[in-house]
Amino acid sequence: MSPTGRPEADRASTVAARPVRIGVAATLLRGAFAEQRLRALFGVAAIALGVALGYAVQLINAAAVDELARSSRALAGSADLEVQGPRSGFDEALYPELARRPEVAVASPVVEVEAALPGRGDTLRIVGVDVFEAARLDPSWVAATRERFDPFRADALLLSPAAADSLGVAVGDAIDVQSGLGAVRLTVVALLVTGGGERYAVMDIAAAQAVFGRVGRLTRIDLAAVPGTDVAALREAIARTLPPGVVVVPPDDNRAIGAGLTRSYRVNLNVLALMALFTGGLLVFSTQALSIVRRRAELALLRVLGVTRGRIVAGLLAEGAAVGAVGSAAGLAAGALLAAALLRFVGADLGSGYFRGIVPALRFEWTTAAAFFALGVAAAVAGAWLPAREAVRTPPAQALKSGDAERGFERVAAAWPGIALLAAGGLATLLPPVDGLPLFGYAAIGLLLIGTLLLLPRCARLLLSAVPPLAAPAPGLALAQLRGAPGQATVSLAAIVASVALMVSMAIMVASFRTSVDAWLGELLPADLYFRAASAGDSAVLSPADQARIAALPGVRRADFQREDAIAWRPGEPRIALLARTLDPTAPQKSLPFVAGPLAVPAGAPPPVWVSEAVADRPGVALGSVIRVPLAGRDHDFTVAGVWRDYSRPRGTLVIERARYVALTGDQTATNGALWLEPGAALAEVRSRLVHELPGGERLDIGTAADIRRVSLAIFDRTFAVTYALELAAMVIGLAALSSSFAALVLARRREFGMLRHLGMTRGEIRAMLAVEGALVSGVGLAVGLVQGGVISLVLIHVVNRQSFHWSMDLAVPWAPLAGFVAVVLSLSVLTAVLAGRRATAGDAIRAVREDW
């Protein structure tokens, strides 16, 4: 006996009973995995998809931006300031002026060329430097050459390790680079000792100027200030002395601009990842909701036995957290593999074209991985929160009654929260971007989606009430069942509505963009034949003599030429494109696809300039306004006479008449051109003459409008490869979620089917009833998802893309693919319902309803 008089055995049994109670609670609270493994697996897959996409995008962009900064630092060294001008360069007379300033310790002139590589279909960034001055900024970059004076040879090239590896060359090998329409052979004399993943080469500045026709021109001047100098004051002083079109910026600003160019693209992909996470949270919601309904009696029993509401809620949230943890862990692993695959097959730019020539190495950081892991877990816990709260609201006595599980879906939320969210989403679309990002556009998409989901039971009731009465008993009973329990539609359709909306919105946006690009190319390419001095890069131009020979070719009726450049229009902003085109200023709409204008410039006003949408969105630029454009070291006033679409240059484009450009700059070279043929002239013959009769013609990049359109659309599809993959994943997960959700609902209604069989319905009639229910439920989900997806696509087209990339597009709905998707969903829903009905009605009718006796 114990001192209290209580038998030791009784006391021991009481103590032993405590862990038993806890064990029973733990066993019951793992129902989401024990009873609905398949749906839990879909939740894990959706969470993993969102985490994988976001993590992969973050890994790739962080690596690319870091590599770009690393290469920039390697070339600029300890420079405090960089003086930059147009891509074609500025007068080198500025160099001695800056070098003589008493505050400047080192002034290193630079000529930078993106050189085309004949026969390789590629380019190589070549940086011409003064070896002595560059070594004063950073001695570590100097290569170990065989001979001391090798870097000063006219044909010497020093390659970065990444460039040597990419091109498959070693020290002593030769590389052909294009200059004009000719080819110059350069010899690799050494590999740079600096590491990094950017492909570039270094050569002597005098040799670079001679090889690429840049004598007397510089692209950049790197400046190191005397120790103790106020660099900000020096920058302001230098800026006041620079000619128009030449700016001075800190090197960090250039790196920030380089990273900023990818920001909108990166943020849009990350938002898509968040949408996938949101879908995963909804799958967790539906999984938990169905699981809790099936376990209402068990949860009520726990409360009767003394388990508090808080512990039950905590246990159910732990189930959601477990799904999120497994999904996040899988997503991190998949994201790392996806990032490696994308780097190998798509590139560091993910198809956007921003990080061309960079081959970064992925760097894994625990902080980034932890952030995405926490994000996935948070999405899953958020999905489990509402079902967990709902689980403890029902009084235990009511929940323990037989048949109470069917009442788990009766609760329908008030309408005003959903309506308020839809209204807030509509208002958010009217707000401007924040720091160049469409944050309110993203918020509008979230608000519209959540508002629709809150109204889903009412939408289901409204749509089902519109279905005409069904005469046959089984279909009629199916319709009555769904009309009487709209909450079931909410639980089973939340994830599929989100998946369908995401897929439909992406499909419409991409189709609209692709259709608009196709139409834009049709307007922009009216000639019979087009050619460029090189397929890429800026080392190749057409001389006046080349242009005269081309225009004189037999069969050519008209030849128009164009000069492309990139100018530093405003300090602190990336260069924008300048096109000097041969066009009719009285009818520019024949050459450019306008979205505003064109205007007739009044007599006495500055000459016309036609700006792209990205330029028109900048402050101080409007139709009819006067802007200043720096050309050849002087500012010139132009009148904005029209705004046109340009999908190929997202930073912005200015177009002026080529004759005026030549008069203002004296530059008569061209980079590309277009040919109109004489009636009856054979296209193949003119193309052959262009290649064989023009010296260096074999290095021209020649194509018809159809060729350019085909290549451009192939590049478009490559750019949106990640989006296509996300659409496919959303569709697969959504269809699987619908299938599993409906199967779970059917299996939870065994008692109902047993009663119907007692009343005389056959198994076949019950399966027919379920087939009708499946078609009706999926029809409701598709109707709401299609409408929601259409609305979200409008936000993507007219708000998100317009504010992110500054281009507009026309709405185009891919009716055939969407119709096929609808047919697949309906067929799968009916098939799932029939198979689930076969399983649910396989047992004995008496056993199914024995608890009601």
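The values are calculated or read from the model by the stated rules, or taken from the named source; none is laboratory data. Since this is a predicted model, take the numbers as computed values, not measurements. Using ideal geometry, Cβ is built from the backbone for each residue, glycine included, and neighbour counts are taken over all protein chains shown. These accessible areas exclude ligands, DNA and RNA; they are computed on the full protein's heavy atoms, side chains included. Shrake-Rupley method; radii C 1.70, N 1.55, O 1.52, S 1.80 Å.
Structure above, values below:
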| item | result |
| --- | --- |
| Whole-number accessible area per residue in Å² for region 763-804, which is evaluated in the context of all protein chains at 1.4 Å | 27 Å² |
| Potential extension, Ala596-Arg634 segment - 0.36 nm per residue separation minus Cα distance | 10.8 nm |
| Range of Cα positions in region 584-673 per principal axis (Å), largest first | 31, 31, 26 |
| Sites Val711 and Arg483, calculated FRET efficiency, Cβ-Cβ separation with R0 45 Å, nearest 0.05 | 0.25 |
| Rounded percent of accessible protein surface that carbon and sulfur make up, region 563-699, 1.4 Å probe | 51 percent |
| Cα-based Rg / Dmax (Å) for region 452-566 | 30.2, 87 |
| Fraction of accessible area attributable to carbon and sulfur, region 418-528 (%, probe 1.4 Å) | 74 percent |
| Kirkwood Rh, Cα atoms: Rg over Rh of region 562-635 | 0.93 |
| Set of region 619-651 residues, backbone N closer than 17 Å to the point 7 Å along the Cα-Cβ line of Ala93 | 631-635 |
| Rounded percent of accessible protein surface that carbon and sulfur make up, region 92-245, 1.4 Å probe | 52 percent |
| Length added when fully stretched, Ala424-Glu365, from 0.36 nm per residue minus Cα-Cα | 17.5 nm |
| Extension gain from Val626 to Gln589, taking 0.36 nm per residue of separation minus the Cα-Cα distance | 11.3 nm |
| Packing rank of 105-111, 534-540, where each peptide gets the mean count of other beta carbons within 10 Å, highest leading | 105-111, 534-540 |
| Among 379-390, 125-136, 362-373, 752-763, the order from most to least packed when residues are scored by Cβ within 10 Å on average | 379-390, 125-136, 752-763, 362-373 |
| His806, His798, His692, His636, ranked by accessible area, largest first (probe 1.4 Å) | His692, His798, His806, His636 |
